[in-house]
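What follows is a set of notes on a single structure, which appears directly below.
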Amino acid sequence: MTDSSAQNSGKSTFRNWRYAVGWMLAAAGLIWVLRDIHPSKLAGELAGIDWRWVALALVFDVVSYVVQAVRWRLLLEPVGKIGLLRATQAIYAGLFTNEVLPMRPGEFVRSYLASRWMGASFVSILPSIIVERLFDGVWIAMGIGLAAIFAPLPEDLIEAGETFGAIIALIVALFIYLVLRRPRPRRSGRPGDRGLPRWKPLRAIAGLFKRLSEGLREASRTKEFYLAFALSLPFLALQATTLWLIMLGYGLRLSFWVGVAVYVIVGLGTALPNTPANVGSYQFFTVLGLTLFGVDKTSATGFSLVAFTLLSLPLLLIGFLALSRSGMSLAAIRDELRRPERGADDFHPQNL
């Protein structure tokens, strides 16, 4: 067996084990969620859903992704121009990918589509995705603090929020360092990749890190960067409101700030990539969040199943249309990203 074949076999084995662990955790979460519920009570609650609140929630959900597209366009300004419709289409194509494939490779899909439509390199799009996650983390940390003021949060959630806030503070400090760090001046005739490690895998990682830091530094020096940060608040507020409106439709008369707290719990609990659409982990953390605020297990389980279904259907329908109208398939995007001739300047995701 050649070194290349052995390396590919090792990667495949690691990937299969990672998928297996993800599915086992999802199954464990679903077993816990579905234990000790009362079917008759669950059926009654499902029959009593107020679909007017649900319809309003779905409108808020779609609007939130349009706001995300506006924010993304601002972050992409240093790279080039992309229309609002194209940006929204790429986001929904990525969301669809996350619904049908494990390990959440949708960010690679939307980055590839944007790079294709903008005529830019794939790696040049990635800093905008990183900044989005950073903005979301900062606002979520602040949201935990606000929710603690207006709603009696459990002590465990407050401690988790403090830990999360500390992690976000460290990431922000690293971001500021990357932005303010002066790049080393190049000597005359010195290639741009000199000084990188010789070992190929480490060289690829170092080169990617270098290009990402350059992209982050360039993005942070525009006024659009700060406008995008401000837009992250309405984006997350719309997402949290969507979940709260579904709560009202299901018959859970909880305060808006409890809805925000549950949204944060679910967001943090499903932050690590796992199964398609976060099935299992989504239900587990939704039930966990609601029971912390006194909702009984049966009602929390019913809501987790309803919310998951209602929020997944638009992503599947709109996302499928978005991807199909892009002229690309997931297989074609995967093959394009893995093409050796794309060179060392591009990143080759292995999860598609």
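The values are calculated or read from the model by the stated rules, or taken from the named source; none is laboratory data. Because the structure is a prediction, the values reported are computed rather than measured. Backbone-built Cβ (ideal geometry, glycine too); neighbour counts: all protein chains shown.
Taken together, Val258, Val264 contain a single residue that is over 26 Å from Ala90 (Cβ atoms) and either over 21 Å from the mean Cα position of the chain (by Cα) or at pLDDT 95 or above (or both), which is Val258. The helices (runs of 4 or more DSSP H) found wholly in region 93-190 and carrying at least 1 residues that are at pLDDT below 90 and surrounded by fewer than 18 Cβ atoms within 10 Å (Cβ to Cβ) occupy 122-150, 155-180. Just the residues that are assigned to a helix (DSSP H, G or I) and of a type in the set (D, E, K, R), please, taken from region 63-83. Once the filter is applied, which keeps residues that are assigned to a helix (DSSP H, G or I) and of a type in the set (D, E, K, R), region 63-83 yields Arg71, Arg73.
Condition check ((1) hydrophobic (A, V, I, L, M, F, W, C); (2) crowded, with 23+ Cβ neighbours inside 10 Å; (3) more than 18 Å from Leu254 (Cβ to Cβ)) across all residues:
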position	(1), (2), (3)
Ala271	yes, no, yes
Asn274	no, yes, yes
Gly294	no, no, no
Phe303	yes, yes, no
Val306	yes, no, no
Thr309	no, no, yes
Ser312	no, no, yes
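Figure legend. Inter-residue proximity from region 305-316: first residues more than 15 Å from Leu30 (Cα to Cα), second residues among the charged types (D, E, K, R), beta-carbon distance below 7 Å, spacing 6+ or different chains. Indicated pairs: Leu311/Asp61; Ser312/Glu99; Pro314/Asp61; Leu315/Glu99; Leu316/Glu99.
Number of residues in region 264-275 that are farther than 20 Å from Leu58 by Cβ and either in contact with a strand residue (DSSP E or B) (Cβ under 9 Å, 6 or more places away or on another chain) or in a helix (DSSP H, G or I) (or both) equals 4.
Of the residues making up region 67-89, those that are free of Cβ contacts under 8 Å to residues at least 40 places away in the same chain and surrounded by fewer than 17 Cβ atoms within 10 Å (Cβ to Cβ) are Lys81, Gly83, Leu84, Leu85.
Within region 300-331, being touching a Ser or Thr at 6+ places or on another chain (Cβ under 9 Å) and either polar (S, T, N, Q) or more than 24 Å from Val59 (Cα to Cα) (or both) holds for Thr301, Ser304, Leu330.
The set of residues in region 311-336 being closer than 25 Å to Val54 by Cβ, among the aliphatic types (A, V, I, L, M) and touching a helix residue (DSSP H, G or I) at 6+ places or on another chain (Cβ under 6 Å) consists of Leu315, Leu316, Ile318, Ala322.
Take the conditions in a helix (DSSP H, G or I) and either among the basic types (Lys, Arg) or at positive phi (or both) and apply them to Ala261. Does it pass? It is false that Ala261 is in a helix (DSSP H, G or I) and either among the basic types (Lys, Arg) or at positive phi (or both). Residues in region 295-305 include at least one that is aliphatic (A, V, I, L, M) and either closer than 20 Å to Ala55 by Cα or outside any helix (DSSP H, G or I) (or both). The residues of region 325-337 that are under 15 Å from Arg86 (Cβ atoms) and among the polar types (S, T, N, Q) amount to a single one, Ser326. Just one of the numbered conditions (1) among the aliphatic types (A, V, I, L, M); (2) out of contact with any helix residue (DSSP H, G or I) (no Cβ under 8 Å at 6 or more places or on another chain); (3) assigned to a loop (DSSP other than H, G, I, E, B) is not true of Ile49: (2).
Across region 221-256, the qualifying residues are those that are in a loop (DSSP other than H, G, I, E, B) and out of contact with any Phe, Trp or Tyr (no Cβ under 8 Å at 6 or more places or on another chain), and the one among them that is nearest to Val179 (Cα to Cα) is Arg221.
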